[in-house]
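Have a look at the structure below before the remarks.
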Amino acid sequence: MIKKRLIYPQRVRRIPGQFSWVDHRLVRDRHIESCSPPALALYLFLVTVADYQGLSYYSDPSFMSSLQMDAQTLHEARQNLIRAGLVAYEDPLYQVLSLEPCLQSGPKVQSRTQVDTPVSIGRLFKQILGESS
């Protein structure tokens, strides 16, 4: 077993006072594998600047300047993150989305069965398979 040691003990990472973090499920659940390098750069920037709800109003020119991207690369990176289910975008608003598994995504989600309401396993399978109940 490898024994870990701090290389620079004076630079131990601490949780910052402001909200800014990257969820480890990005790697563990393999979301990162569906993203291009520019998309990952945009995602890192968004999780860094977003507020506690994951919202950011940074403009395209600001992203292009900070990330050294042209408009086409930024557009493709944004579309990559949207397809991967990592962000939602309605100009000019970005929302970094939760990595929690969900059955449906997007801003207009149909109402779900309440958690405290019993549901049969057969009904759940029918819902998953898209059959009517």
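Read-outs: derived from the displayed coordinates by stated rules, not from any lab. Only a predicted model underlies this, so the values are computations on that prediction, with no experimental measurement involved. In this analysis, Cβ positions are derived from the backbone assuming ideal geometry, glycine residues included, and neighbour counts consider all displayed protein chains.
In a Debye calculation with equal point scatterers on the alpha-carbon sites of the range 1-54 and no solvent, what is log10 I(q)/I(0) at q = 0.32 Å⁻¹? The computed values of log10 I(q)/I(0) come out as -1.19. Protection proxy ranking, highest mean first, for peptides 37-45, 83-91, 22-30: 37-45, 83-91, 22-30, where packing is the per-residue count of other beta-carbon atoms within 10 Å, averaged.
The modelled label-to-label distance between residue 67 and residue 82, using points 7 Å beyond Cα along the C-beta direction, is 1.3 nm. Beyond 19 Å, the tail of the calculated P(r) for the range 19-100 holds 27 percent of the Cα pairs.
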